[in-house]
Amino acid sequence: MVADKVNIDPWSSNQSTDYSRIIDQFGLSDFSNITMPKPSHLHRRGIVFAHRDLDLVINAHNSNESFGVLTGLMPSGRMHLGHSMVIEQVKWFQQLGGDVTIAVADLESQATRGVGLAKGREIALQEYVANYAALGLDPQKTNVYFQSTRSVVQRLGFQLGKRTNLNEFESIYGFKGDTNLAHLQAPMVQVGDILHPQTEEYGGLRPIVVPVGVDQDPHLRLTRGIAAKSNWFNVNDNNGPGLLVGLSIQEENAEILGQQPNGRIDRNKVAEVFNGIVAKLSGLGFSDINSNPKQGTIVIPGATQRDKAKIRMKLLELERELGGMGLLAPSSTYHHFAIGLTGDKMSSSKPKTTIFLNDDVNTISKKIRKAYSGGQSTIEEHRRLGGNPDVDVAYQYMMYFFEDDDNYLAELNSDYRNGKILAGEMKQICVDKATEWMTNHIELRDQTNHLVAEFLANDSK
Ligand code: TRP
């Protein structure tokens, strides 16, 4: 049913929070099949609720192989608590050993929000990176860059435009004839952001995870589709047992893969390519690799679903050796949005809905005291019926941001639900904890402020 469809618009502050439907409709994975090493409070509480291909990254970590993390910030408004969730995740991945790249979306901000590049830079450093430092990102292992000055990002966006079209933009983003082209260009630059850490110059082929809010998933779908379409080799389920490796002949690779411009097939070249594939895959330990250059396929009868990722990796290596881009579709994680102080959505453009990371402690206390609560209208009723922590801002902010102790949180939850804790008391608990958290944060920000420049990549100083 059409009416049942969720719409995700990355440029709107009005996002769907129907997360289970989002998982279904867009094919996200939940965490049931993944064991997270040292899960953070965001993982333990289901706040990070879905992913794409995160197993590639966790497997890389478990086998001591490298992986990268990329995310981006929009330098337009002020940094608020909601933005900190992505950084918490980046920090978690960084502590697992991932190298971190952060895109400042200054081109996007200029084109879609009218923020000049100089202003964008200032906002990025003072509002965002200063807080990242305080939140504990390691400046030695983090590279912040600007879209406007990293040419490979723009070049990739331009070049890969060939792998998509207006129909796809219409179906992913709902664009129509009157959509301004900044909304085509910005996603293409973001494709460049997401894919460029895999280029040889920026770390080479390895899994890259992109932690984001679910509003950014359309860009990930676009990027993953584009990466897959650009691949020269693919691996699919075989009709019989095992997996099937095939070729994707394109303008860029036709000659290299043995298709001559006159339409003839260069058998020697084809044989060479197939031998190359077999040689690449032979290290993986399969007893049979059945190469059939005439049919254009290779069957690996003993391979199972679980071998797909490592076969794909080998094929991407080979593609690169032959001159292709060899792009691996990015992995991603998605977090729930915390509710705004008013009980509605949190948004930078509505200061009453959120706590900014540079609000002072007094402002924060006032905001929490005024926040929407899940309490009943009288004390008697509250004692009798209990409150609802699921919509209570004070409780929610303890859960999302301020309280690390799961047992204590569970106690608060049930005491609130059964009326033992009143709404005003929950607010006081949150005010105390937020005050402690923010006091500490401000102190850390002062202590780490001199590190801000060290976060900048060499091309961005
Ligand atoms: N579009 C993102 C936003 O609106 C910012 C961004 C740019 C980004 N490039 C990125 C996010 C790459 C994740 C990955 O916030």
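The values are calculated or read from the model by the stated rules, or taken from the named source; none is laboratory data. The structure presented is a predicted model; accordingly, all values stated were derived computationally and were not measured. Don't worry about glycine lacking a Cβ; one is built from the backbone with ideal geometry, like all the others, and counts go over all protein chains shown. Protein only, heavy atoms only, side chains kept; ligands, DNA and RNA dropped before computing areas. Shrake-Rupley method; radii C 1.70, N 1.55, O 1.52, S 1.80 Å.
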With both partners inside the chain, how many of the DSSP beta bridges are antiparallel, as a percent to the nearest 5?
50 percent
Label-point separation, ASP404 to ARG264 (7 Å along Cα→Cβ), nm
7.1 nm
State the Cα centre-to-centre distance between segment 56-79 and segment 419-443 in whole Å.
31 Å
Extension gain ARG155-GLN126, at 0.36 nm per residue separation less the Cα-Cα distance, in nm?
7.6 nm
Angle in degrees between helix 267-282 and the longest Cα principal axis of the chain, rounded to the nearest 10
40 degrees
Per 10 Å bin, what percent of the C-alpha pairs of segment 223-372 does each bin hold, from zero upward?
10, 30, 20, 8, 10, 14, 8, 1
Using a Förster radius of 41 Å, what is the FRET efficiency between ASP344 and ASN62 based on their Cβ-Cβ separation? Nearest 0.05, please.
0.50
With 22 Å as the limit, write out which pairs from LYS38/LYS427; LYS366/LYS427; LYS229/LYS314; LYS141/LYS433; LYS5/LYS176 have Cα-Cα distances beyond it, or answer none.
LYS38/LYS427; LYS141/LYS433
What FRET efficiency comes out for ASN180 versus ASN449 if R0 is 41 angstrom and r is the Cβ-Cβ distance? Round to the nearest 0.05.
0.60
Under 19 Å from the 7 Å Cα→Cβ point of ALA228, by amide nitrogen: which residues of segment 127-161?
160-161
Protection proxy ranking of 189-196, 80-87, 165-172 - average other beta-carbon atoms within 10 Å, highest first
189-196, 80-87, 165-172
Which percent of Cα pairs goes in each bin when the distances of the chain are cut into 10 angstrom slices starting at zero?
4, 18, 27, 24, 15, 8, 3, 1, 0
Rounded to the nearest 10, the angle in degrees between the Cα long axis of helix 308-321 and the longest principal axis of the Cα atoms of the chain comes to 60 degrees
With every protein chain left in place and a probe of 1.4 Å, what is the accessible surface of TRP92, to the nearest 10 Å²?
20 Å²
Once the Cα gyration tensor of segment 157-234 is diagonalised, what are the square roots of 5 times its eigenvalues, in whole Å and ordered largest first, as equivalent ellipsoid semi-axes?
22, 14, 12
Gap separating the Cα centres of segment 233-247 and segment 8-49, nearest whole Å
31 Å
Counting only protein heavy atoms and leaving out ligands, DNA and RNA, the solvent-accessible surface of THR149 at a 1.4 Å probe, in Å² to the nearest 10, equals 80 Å²
Go ahead and run the numbers for FRET between VAL6 and ASP390, Cβ-Cβ distance against an R0 of 22 Å, rounding to 0.05.
0.60
What's the angle, to the nearest 10 degrees (0 to 90), between helix 361-370's Cα axis and the longest principal axis of the chain?
80 degrees
